[in-house]
Amino acid sequence: MGMDYKGRMPQLTQTAIWPEIIKSAESLKAQHLRDLFTREARRFEQMSIYVGEVFLDYSRQCLMPQTIELLARCLEQQEFAKKRAALFAGDKVNASEGRPALHTALRSSDSKMPHYKEINASLECALEFAEKLRAKAVIGASGKPITNIIHIGIGGSDLGPQHLTAALGDEWSPNIVFIRNVDAAPIAKAMAQLNPHETMLFIASKTFTTAETMLNANTVLAWLANALGKEKAMQHVVALTAAPDKAKAYGVDDARIFRFWDWVGGRFSVWSSIGLPAMAAMGRKKFTELLRGGEAMDKHFYEAPLLVNMPVVLAMLSIWNINVLGYQARAVLPYCEALREWPSYLQQLEMESLGKSIDCDGKALSYSTAPVVFGMTGTPAQHAFMQALHQGTQIIPAEIIMVKAEHTKLPGHHAMLNANGLAQAEALQQGRETDDLQKNFSGNRPSSILVLDTLSPFAIGELLALYEHKVFTESVFWNLNPFDQWGVELGKTLATPIQNALETDDVANGAAASLIKRLRNL
Ligand code: F6P
């Protein structure tokens, strides 16, 4: 296929299987995806998987079913089954932080799962409160029902709830304003538009220390206090956190602290009380179905043979594209406006989990890990950056998501939406040869298609868990810890003295001094 794939995984070349994988790439080199489709009549059947309400077609990836087999054998050699069992059992798989990563327990209906009782007690409190908000039965300090929520959080405390609210929120939802950025503009806008007497502040922070979140919370709290008085303002504050003591010290009433635990990673936390705005947006029934969808994918991931195991196959495709073919980016394209937040959500899940260059044994990695994940809904993406995917010099695999069932009745739209999604995959795969090179499409560019039967909470739950497990599987293959994020710390540390310099005349000498002076107009 004309790609340079050699030497990208030196460690794994030492296994007996790796040379076979390279051989498989060699044998595909001269073949165009078009030819593979002509030659292999059963390619679609062999390279698709259906789990619950989610269908994966990976027949347009530049590999053969046998390639997945080889990659899966490599994965087995990394003690995958043992590591997966350790994840579900609550072993301390997050070694650098000395704790488990038990997000699967949050959606388990198995009473033998670790922490089952406390998880369900906390979930029940959150769902009950969400239902009250939907019924306008939460009454503010001035006797008015709460109709607005300002949800303040960042990273995992924002992206998950925001994605689910966009995907599954309904007409009973309170008005929810998500504030993630420390830029004051969105807060100023919310404060100008909302009535503080009818507004509740959700402070969503696992640690309850994140600087941006705490400053945003203080600003909104001051606005509430200005209208209601300090004491009454606190009656409008809700905390979603794994640090209940800190929330209490902040003045949040015990009854309005919805807790989760430090063994839930931020980017895996939407199933916990961090999901409260999403619960309010979609209601108890749908949130419970979402959990069941996640649980169904957990079961599939645990039990299905590797070659028909959807998260494992997605992970193998990723390894193949990154480490064998050398493709360093992936475009995520939901053909569904309700899934508009999915690319951002996935970006954190994948890039914060897998963007590492040290392995579990503390050794520097000699191969590529996390690709750059980016995306936008189709069809808008087609009119923005898809040019580069079709004719650019870099090959960027695409991941297209479509929904089978129509969710509006307006004629023509759904068919056009899905037709465009499929047309992109076809164009990437087949290309079109012309004598006019400007208009030539080489094709042979990989894509996968995921089809959700409906835009149901169950399917969305499956989708979330699917990618969590894909990420975990890649981490096993690459021997890295997907549950820590030390790479975000240095920037946080450096921000404090720079802020100090920007706010005072105390501009120390250093690389940033000139720019600080410019920002301060000194
Ligand atoms: O700084 C990165 C990070 O820790 C993410 O992993 C996390 O989702 C986000 O910040 C928010 O953290 P918290 O929920 O503790 O405010």
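Rule-based calculations on the coordinates, nothing more; no lab input. As the structure is a prediction and not an experimental result, all values here were calculated from the model. Here the Cβ is made from the backbone with ideal geometry for all residues, glycine too, and neighbour counts use every protein chain on show.
Among 152-159, 430-437, how do they line up by average Cβ neighbours within 10 Å per residue, starting with the highest? Walk me through the intermediate numbers first.
On the way: 152-159: 25.1, 430-437: 10.9.
In descending order of packing, they fall as 152-159, 430-437.
How far, in nm, would the chain grow between Glu40 and Ala415 when pulled straight, counting 0.36 nm per residue and subtracting the alpha carbon separation?
Values: separation 375, 0.36 × 375 = 135.00 nm, distance 2.83 nm.
Here the segment from Glu40 to Ala415 would lengthen by 132.2 nm.
Between segment 158-185 and segment 235-302, what's the alpha-carbon centroid distance in Å?
Taking the Cα centre of each part, segment 158-185 and segment 235-302 sit 14 Å apart.
Among Leu240, Ser344, Met316, whose Cα sits farthest toward the positive end of the charge dipole of segment 236-363 (+1 at Cβ of Lys/Arg, -1 at Cβ of Asp/Glu, about the Cα centre)?
Most positive-ward Cα: Leu240.
Under the 0.36 nm per residue contour assumption, what length would be gained going from the current alpha-carbon distance of Val488 and Leu437 to full extension?
Numbers: separation 51, 0.36 × 51 = 18.36 nm, distance 4.43 nm.
Gain on extension, Val488 to Leu437, equals 13.9 nm.
Give the percent of DSSP beta bridges with both residues in segment 103-282 that are antiparallel, rounded to the nearest 5.
Values: 1 of 18 bridges.
Of all bridge pairs located within segment 103-282, approximately 5 percent are antiparallel.
Multiply the residue gap between Phe385 and Glu26 by 0.36 nm, knock off their C-alpha separation, and tell me the result in nm, one decimal place. Kindly include the intermediate steps, with their values, before the conclusion.
Numbers: separation 359, 0.36 × 359 = 129.24 nm, distance 3.05 nm.
Going from the current span to full extension adds 126.2 nm.
Once you sort the root eigenvalues of the Cα gyration tensor of segment 274-426 as a ≥ b ≥ c, which label holds: rounded (a/c under 1.5), prolate (a/b larger than b/c) or oblate (the other case)? Don't skip to the end; give the middle numbers.
Working: a/c = 1.83, a/b = 1.17, b/c = 1.57.
Oblate, since a/c reaches 1.5 and b/c is not below a/b.
Report, for the chain, the % of DSSP beta bridges that are antiparallel, rounded to 5. Could you put the intermediate results ahead of the total?
Numbers: 12 of 43 bridges.
Looking only at bridges with both residues in the chain, the antiparallel portion is about 30 percent.
Can you list the HN-Hα couplings for segment 481-497, worked out from phi with the Karplus curve (6.51, -1.76, 1.60; θ = phi - 60°), rounded to whole Hz and with x for Gly and Pro?
8, x, 9, 10, 7, 5, x, 8, 6, 4, x, 4, 5, 6, 5, 5, x
Under unit Cβ charges (Lys, Arg +1; Asp, Glu -1), what dipole magnitude, rounded to 20 debye, does the chain have relative to its Cα centre?
For the chain, the charge dipole is close to 360 debye.
Any chance you could list the semi-axes, whole Å, largest first, of the equivalent ellipsoid that the Cα gyration tensor gives for segment 88-132, using √(5λ)? Working shown, then result.
Details: eigenvalues 120, 30, 10 Å².
The answer is 25, 12, 7 Å, longest axis first.
Rounded, prolate or oblate for segment 429-511? Axes are the square roots of the Cα gyration tensor eigenvalues, ordered a ≥ b ≥ c, and the cut-off for rounded is a/c under 1.5.
Working: a/c = 2.72, a/b = 1.58, b/c = 1.72.
Here segment 429-511 falls in the oblate category.
Can you compute the modelled spin-label distance between Glu303 and Ala364, with each label point 7 Å from Cα toward Cβ, in nm?
4.6 nm
Please give the peptides 387-393, 296-302 ranked by average Cβ packing (other Cβ atoms within 10 Å per residue), highest first, as a rough proxy for protection. Walk me through the intermediate numbers first.
Details: 387-393: 13.4, 296-302: 21.3.
Per-residue Cβ counts within 10 Å, averaged per peptide and sorted highest first, yield 296-302, 387-393.
Which of the three applies to segment 302-353, rounded, prolate or oblate, going by the alpha-carbon gyration tensor with a ≥ b ≥ c and a/c under 1.5 meaning rounded? Please report the intermediate quantities before stating the final value.
Numbers: a/c = 2.00, a/b = 1.30, b/c = 1.54.
Because a/c hits 1.5 or more and a/b fails to exceed b/c, segment 302-353 counts as oblate.
Grab the alpha carbons of the chain, take their convex hull, and tell me the volume per residue in Å³. Intermediate values should be presented prior to the final figure.
Details: hull volume 93.8 nm³, N = 522.
Hull volume over Cα atoms, normalised by residue count, gives 180 Å³.
Hey, quick one: spin label on Asp453, modelled 7 Å out along Cα-Cβ, who in segment 50-69 has an amide N within reach, i.e. under 18 Å?
Label zone hits: 50-57.
Under 5 Å between amide H atoms, partner at least 5 residues away or on a different chain: which partners does Val403 have, H built in plane at 1.01 Å?
For Val403, whose amide H was placed from the backbone, the distant partners under 5 Å are Leu452.
Which whole-Hz couplings ³J(HN,Hα) result when phi for each residue of segment 163-169 is put into the Karplus expression 6.51 cos²θ - 1.76 cosθ + 1.60, θ = phi - 60°, listed in order with x for Gly and Pro?
Here the 3J(HN,Hα) series is 4, 5, 5, 5, 6, 10, x Hz.
Taking θ = phi - 60°, what integer Hz values does the Karplus form 6.51 cos²θ - 1.76 cosθ + 1.60 yield along segment 391-402, in sequence order, with x for Gly and Pro?
10, x, 6, 8, 8, 10, x, 10, 10, 9, 10, 10
I'd like to compare 309-316, 329-336: which one has the highest average count of other Cβ atoms within 10 Å, and what's the full order after that?
Numbers: 309-316: 25.5, 329-336: 23.8.
Ranking, from highest mean packing down: 309-316, 329-336.
Kindly list the residues of segment 456-493 that lie in the label zone of Leu502, defined by a backbone N under 15 Å from the point 7 Å along the Cα-to-C-beta vector.
491-493
Given H placed on each backbone N at 1.01 Å, which residues far from Phe178 in sequence or on other chains put an amide H within less than 5 Å of it?
Amide H neighbours of Phe178: His151.
Give me the distance in nm between label points sitting 7 Å out from Cα along the Cα-to-Cβ direction at Ala137 and Glu79, one decimal.
For the pair Ala137/Glu79, the computed spacing is 5.1 nm.
Rounded to whole Å and sorted largest first, list the principal axis extents of the Cα atoms in segment 103-282.
Extents along the principal axes: 48, 33, 29 Å.
Long-range amide H contacts for Gly375: which residues qualify at under 5 Å (H placed 1.01 Å from N, peptide plane, sequence gap of 5 or more or a different chain)?
Here Val332 satisfy the definition.
Quickly estimate the mean residue ellipticity at 222 nm for the chain, helices only: each DSSP H run with n ≥ 4 gives -39500 (n - 2.57), and the total goes over all residues, rounded to 500. Kindly include the intermediate steps, with their values, before the conclusion.
Working: 21 runs with 237 residues, N = 522.
Value at 222 nm, helices only: -14000 deg cm²/dmol.
Only sites in a loop by DSSP and with at most 15 other Cβ atoms within 10 Å count here; which GluC sites (Glu not before Pro) in segment 71-173 make the cut?
On the way: sites: Glu76, Glu79, Glu97, Glu118, Glu124, Glu128, Glu131, Glu171; in loops: Glu79, Glu171.
When the GluC sites (Glu not before Pro) of segment 71-173 are filtered for loop state and at most 15 Cβ neighbours within 10 Å, Glu79, Glu171 remain.
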